Amino acid sequence: MHQSGGENVLVSGLVSAMTESLRVLGVGKQQYQQIAVQPSPNPPLAAGDVQGVIERIQQDYQQAYFVTGVIDDSIYDQGCTFVDPTVQFSGLDLWKRNLQLLVPFFINPRIELMSISSLGPNSQGAEQIQAEWTLDTVISLPWRPRVSILGSTIYTLNSDANKVVRHVESWNVSAWQALLQIVTPGPRQ
């Protein structure tokens, strides 16, 4: 990791403050409310259907779920823990709400799934899936910063192996470097 614990706490605090400010201002509220009431069109998967979870995660990437908030609820536990280098929290609804705060600021966002595969069981016996992806977007701020991240997500499944209970991202940049991308002016158009 490129940062000290103190830097991580500072970045996490800044991200949390920005997110809460956007929520209080009502940014993305209408879109979140529309997405929150939409039931998953997919039926639950059978116990042990890891390949089915992989296929549905692939579909989520096709819908660019990181930048749209459109996610297949049927493969996520409602109490799923979401972790990235800047923040950690639990709850699928909270993840969708937080993402909807950001969606209005993305200009031509692109997310590309580069690979996805089963890692098999971890040391506690929980099935894991790993996806590698790229994210590239311009942020709708006056200085038009570009955020570009190469990332990896580990999805840990519950004991039935058909619901994600942990969604943990790692990035090719530290949390601090990601925050610096947001404050660095983008190229002139």
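Surface composition of region 99-139: carbon and sulfur make up 50 percent of the accessible area, probe 1.4 Å.
Order these peptides, 45-52, 166-173, by their mean beta-carbon neighbour count within 10 angstrom, highest first.
Details: 45-52: 14.6, 166-173: 16.8.
So the order, starting with the most tightly packed, is 166-173, 45-52.
In terms of its Cα atoms, region 40-166 spans 48, 25, 25 Å along the principal axes, sorted from long to short.
A simple spin-label model places the labels of D136 and I182 2.2 nm from each other, with each point 7 Å out along Cα-to-Cβ. At full extension, R146 and Q51 could sit 30.7 nm farther apart than now, given 0.36 nm per residue minus the alpha carbon distance. Working note: Debye formula, equal point scatterers on the alpha-carbon atoms of region 84-136, no solvent; log10 I(q)/I(0) at q = 0.19, 0.29 Å⁻¹ is -0.98, -1.08. In the full protein context, region 98-153 carries 50 Å² of accessible surface per residue, based on a 1.4 Å probe and ignoring ligands, DNA and RNA.
Considering only protein heavy atoms and a probe of 1.4 Å, how much of the accessible area of region 46-96 is carbon and sulfur, as a whole percent? C and S atoms contribute 46 percent here. Each label point was placed 7 Å from the Cα along the Cα-to-Cβ direction; for S170 and T81 their separation is 1.6 nm.
The values are calculated or read from the model by the stated rules, or taken from the named source; none is laboratory data. It should be emphasised that the depicted structure is a prediction, and the values quoted were computed from it without experimental measurement. Cβ atoms come from the backbone with ideal geometry, glycine included; neighbour counts cover every protein chain shown. All accessible areas refer to the heavy atoms of the entire protein, side chains included, with ligands and DNA or RNA removed. Shrake-Rupley method; radii C 1.70, N 1.55, O 1.52, S 1.80 Å.
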